[in-house]
1. For Glu8 and Arg30, calculate 0.36 nm times their separation in residues minus their Cα-Cα distance, and state this gained length in nm to one decimal.
2. Using just the helices of the chain, give the 222 nm mean residue ellipticity in deg cm²/dmol: DSSP H runs with n ≥ 4 each add -39,500 (n - 2.57), and the total is spread over all residues, rounded to 500.
3. If you filter the stretch 13-68 for chymotrypsin sites (Phe, Trp or Tyr not before Pro), then keep DSSP loop positions with at most 15 other Cβ within 10 Å, what is left?
Amino acid sequence: MPPEQYREQMLHHGMLASVIDQLIVGLAARDGKAADISPAVEENTGREAFTYAQWAAHRAAAFDPAMV
């Protein structure tokens, strides 16, 4: 999404312009770069964190429309 469109939408939702501008700068700096992985899950649970794909696979039945 172009920064101008993002800014317009966030203003519409009541976000402060100064906050939006900081977010745009921060997001632009990360464009195309993976986020750093936090060790917090492993430090707190003693096991490695799941990937999103692993989490979704473990819970696939919960998303099955036939099960609702």
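Rule-based calculations on the coordinates, nothing more; no lab input. These numbers were taken from a predicted model, which means no experiment stands behind them. Because the Cβ atoms are built from the backbone with ideal geometry, glycine has one as well, and the counts that use them run over all protein chains shown.
1. On the way: separation 22, 0.36 × 22 = 7.92 nm, distance 2.07 nm.
Length gained between Glu8 and Arg30: 5.9 nm.
2. On the way: 4 runs with 37 residues, N = 68.
Here the helix-only value at 222 nm equals -15500 deg cm²/dmol.
3. Working: sites: Phe50, Tyr52, Trp55, Phe63; in loops: Phe50.
Filter output for the stretch 13-68: Phe50.
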